[in-house]
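Engineer: My questions will all concern the structure given below.
The values are calculated or read from the model by the stated rules, or taken from the named source; none is laboratory data. Model, not experiment: these values are computed from the prediction. Here the Cβ is made from the backbone with ideal geometry for all residues, glycine too, and neighbour counts use every protein chain on show. Heavy atoms of the whole protein, side chains included, go into the accessibility calculation; ligands, DNA and RNA do not. Shrake-Rupley method; radii C 1.70, N 1.55, O 1.52, S 1.80 Å.
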Amino acid sequence: MNAMSEACRYEADVIYAAANDAWSESLRAHVASCEECAATAAVGPWMSGFARIDERERPLPDPAVLWLKAKLMQGSNTMERATQPITRLQIAAYLVIASGWAALLMWKGSALMAWFDAFKPNRIVSVPVPATLSITVLFAAVGLLSATVMLAFHTVLAEE
Amino acid sequence: MTADALLLPVPFGFARAGTRQRRPNEPMDEAKFEAFYRKTAGPLWSYVYRLTGDAATADDLTQKTFFRYLRSNPVVENEDHRRRYVFKTATNLVFDHFRETKRERLTEVFDLPHAEMRADRGELRHDMARVFNELKPQERALLWLAHVEGSSHEEIADTLGVKTKSVKVMLFRARKRLGEMLTAKGLAPEGVR
């Protein structure tokens, strides 16, 4: 480290003297010849007076409360980390089921609507129900429905 | 502080803070934390308050600093190092806060009346805070750490995340700027007597 970047060795003494108005003759002489210390001495008393002003209106929180909060936060962070894989799996399951429903509705949407229409009371009375839905589509719909309900239950229970 | 104290070398551990070996860290117990908090929280709050100019923000950031400290449980060599660690954390939080709010000067700056015209101590106190808030955040931090916390250039460099050799120049400029502002506002102290 060269002299240009080194702090003046009397800097701390000058700060102390300026704050406490305790100047020695040698320090006074030094300040007169050191630009850096002159700048320190010029603002030192002001900074010291400024630091003495206590602006705090409210007391600081109790350390016991902070300690407890920190421990609780630590606990919830640990729990969050532990449940992260489950949450990810849940999101993946939602995406799979949503895609399944989208695919089914696009593929057999109209057939499903016609099938549901057949159960309307007026249609039941007037016309016999035509068997327009294949067993595969029926199984797919029932499967998706069951998966949706199970996932919903899982989400509710996990939240609780 | 005596002149002899100034000539003592920087503790080896601090100078090589970045390269020291990590050793298993004992978790801080509640009693230790309480003692540390009681000693440090007040000065830390004042530092954060003088940097931000807002009491509620200072409350919030001081708490966050201690939460972070407890969460990270850092390897510290002694009480001074522990204290520097929380000041460094608080400084980072303050600068993050400035980045988030894009606000560095929290009080409006008005032309101050001359010192003789100020009637009471309350107004003078307010003027002092206004002058300080006119400085850049880094200048405020530098001046507070050097004059109030009594930190060395190495410690200031560590707290502010700057090079040690830059601190001298930065501090000199900050002092000059504050001195000029105080003179302009009629608040300059009498100086060396």
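Engineer: Ballpark to the nearest 100 Å², how much total accessible area do A and B bury together, probe 1.4 Å?
Structural biologist: 4600
Engineer: Using Cα atoms only, what is the angle between the long axis of helix A:63-117 and the major principal axis of chain A, expressed in degrees (0 to 90) to the nearest 10?
Structural biologist: 30
Engineer: Counting Lys and Arg as +1 and Asp and Glu as -1, each charge on the Cβ, what is the dipole of chain A about the Cα centre in debye, to the nearest 20?
Structural biologist: In total the dipole reaches around 1460 debye.
Engineer: Given B:LYS32/B:LYS165; B:LYS136/B:LYS165; B:LYS88/B:LYS176, which pairs have Cα atoms separated by over 30 Å?
Structural biologist: Beyond 30 Å between Cα atoms: B:LYS32/B:LYS165.
Engineer: Please state the relative contact order of chain A as a whole percent: Cα pairs under 8 Å, 6+ residues apart?
Structural biologist: For chain A, the relative contact order is 16 percent.
Engineer: What FRET efficiency do you get for B:THR101 and A:ARG88 if R0 is 41 Å and r is their Cβ-Cβ distance, rounded to the nearest 0.05?
Structural biologist: 0.75
Engineer: Here's another thing I want to ask about it. Taking 51 Å as R0, compute the FRET efficiency from the Cβ-Cβ separation of A:ALA98 and B:PHE67 and round it to 0.05.
Structural biologist: For A:ALA98 and B:PHE67, the calculated efficiency is 0.85.
Engineer: Further question: Any chance you could give the angle, 0 to 90 degrees and rounded to 10, that helix A:35-52 forms with the longest Cα principal axis of chain A?
Structural biologist: With rounding to tens, the tilt is 60 degrees.
Engineer: Right, something else. With all protein chains present, calculate the accessible area of A:TYR94 using a 1.4 Å probe and round the result to the nearest 10 Å².
Structural biologist: Counting only protein heavy atoms, A:TYR94 exposes about 100 Å² to solvent.
Engineer: Further question on the same structure: What part of the accessible area of segment A:30-126, given as a whole %, is carbon or sulfur when the probe is 1.4 angstrom?
Structural biologist: With neighbouring chains kept in place, the figure for segment A:30-126 is 66 percent.
Engineer: Sequence-distant or interchain residues sharing an amide H contact under 5 Å with B:GLU77, placed H: which?
Structural biologist: Amide H to amide H, under 5 Å and 5 or more residues apart or across chains, B:GLU77 pairs with B:ARG82.
Engineer: Going highest first, how would you order A:16-26, B:57-67 by mean Cβ packing within 10 Å?
Structural biologist: B:57-67, A:16-26
Engineer: Rolling a 1.4 angstrom probe over the protein chains, ignoring ligands and nucleic acids, what is the accessible area of A:THR136 in square angstrom, nearest 10?
Structural biologist: Surface accessible to solvent at A:THR136 totals approximately 90 Å².
Engineer: Then there is this: Can you tell me the FRET efficiency between B:LYS32 and B:ALA184 if r is taken as the Cβ-Cβ distance and R0 is 45 Å, rounded to the nearest 0.05?
Structural biologist: E between B:LYS32 and B:ALA184, to the nearest 0.05, is 0.45.
Engineer: Compute the accessible area of each residue in segment B:124-143 twice, once for its chain alone and once with every protein chain present, using a 1.4 Å probe on heavy atoms, and list those whose area falls by at least 20 Å².
Structural biologist: Residues passing the criterion (a loss of at least 20 Å², heavy atoms only) are B:ARG125, B:MET128, B:PHE132.
Engineer: Calculate the spin-label point distance for A:ILE53 paired with A:THR155, positioning each point 7 Å from the Cα along the beta-carbon direction, and give it in nanometres.
Structural biologist: Distance between label points: 5.5 nm.
Engineer: Could you tell me the largest-minus-smallest coordinate of the C-alpha atoms of segment A:1-159 on each of the three principal axes, in descending order and whole angstroms?
Structural biologist: That works out to 116, 40, 30 Å along the principal axes.
Engineer: Please name which of A:GLY109, A:GLN90, A:MET47 has its Cα lying farthest along the dipole of segment A:44-149 towards the positive end, using unit charges on Cβ (Lys, Arg +1; Asp, Glu -1) and the Cα centre as origin.
Structural biologist: So the residue furthest toward the plus end is A:GLY109.
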